[in-house]
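See below for the structure under consideration.
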Amino acid sequence: MLNTLRNIAALATLAAVAGFALTWVARLTEKDVARNRLAAETRILRELAGVDVDAAVDGDLVLCDRGQVIVRGVGRGYGGQFRLAIGVGADGEIQGVRVIDHQETPGFGDILDTPSAWLQSFRTGDVHAVTGATVTSEAVMLAVQRIAGRVDLKALCPS
């Protein structure tokens, strides 16, 4: 009995030390992680817009320039929530879609990573669900349709 209690105490101490160490490392690196996420999002938005953009802009509207609007939005796929950016032209046509971050299963979520022929298909309008990643691809298509459908260039970008 005494041996069991000693083992329980040792495991509890080890768990507490490991928990403290993980918390300390997370706090130590949280500014670097946030800076890296912002840099990655800025790179994605710059690629989509074709011009310099500021990902630190609050809200959904990222850019309203040169006859195009870049908006951010969210959707829910198989692995949870994902964030994406959509470029919409003055004619209302989708100019591009980029996924900012996601938690989809590796392999199935690869269609969301740039470069992706599937993401490029949004430009042509010939978008289909991907076999093996049906839930993910349908969730992205639904989110793009919902977000792009609420883009009103005249309201968002008054001349």
Working carefully through the options VAL62, VAL53, find the one that is part of a loop (DSSP other than H, G, I, E, B) and under 24 Å from ASP152 (Cα atoms).
VAL53
Pick from LEU45, LEU112, LEU38, LEU63: which is more than 14 Å from ILE147 (Cα to Cα), hydrophobic (A, V, I, L, M, F, W, C) and touching a His at 6+ places or on another chain (Cβ under 6 Å)?
LEU112
Extreme residue, surrounded by the most Cβ atoms within 10 Å (Cβ to Cβ), among residues of the stretch 68-97 that are in contact (Cβ under 8 Å) with a residue 40 or more places away in the chain and part of a loop (DSSP other than H, G, I, E, B):
TYR78
Among ALA12, ALA21, ALA40, ALA85, which is the only one that is in contact with a helix residue (DSSP H, G or I) (Cβ under 9 Å, 6 or more places away or on another chain) and either of a type in the set (A, V, I, L, M, F, W, C) or closer than 18 Å to GLN120 by Cα (or both)?
ALA85
Which listed residue, of GLU93, GLU30, GLU41, is modelled with pLDDT of 90 or more and charged (D, E, K, R)
GLU30
Output yes when any residue across the stretch 29-45 is in contact with a Lys or Arg (Cβ under 8 Å, 6 or more places away or on another chain) and assigned to a helix (DSSP H, G or I), and no when none is.
yes
For the stretch 105-131, which residues satisfy the criterion of being at pLDDT 90 or above and under 15 Å from the mean Cα position of the chain (by Cα)?
LEU119
Just give me the residues in the stretch 86-109 being within 15 Å of ILE147 (Cα to Cα) and not acidic (Asp, Glu), in sequence order.
ILE86, GLY87, VAL88, GLY89, GLY92, ILE94, GLN95, GLY96, VAL97, ARG98, VAL99, ILE100
Residues (among the small types (Gly, Ala, Ser) and within 15 Å of the chain's Cα centre (by Cα)) located in the stretch 57-77:
GLY59, GLY73, GLY75, GLY77
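The values are calculated or read from the model by the stated rules, or taken from the named source; none is laboratory data. Owing to the predicted nature of the structure, the values given are computational and were not obtained by experimental measurement. Neighbour counts run over all protein chains shown; Cβ positions are idealised from the backbone, glycine included.
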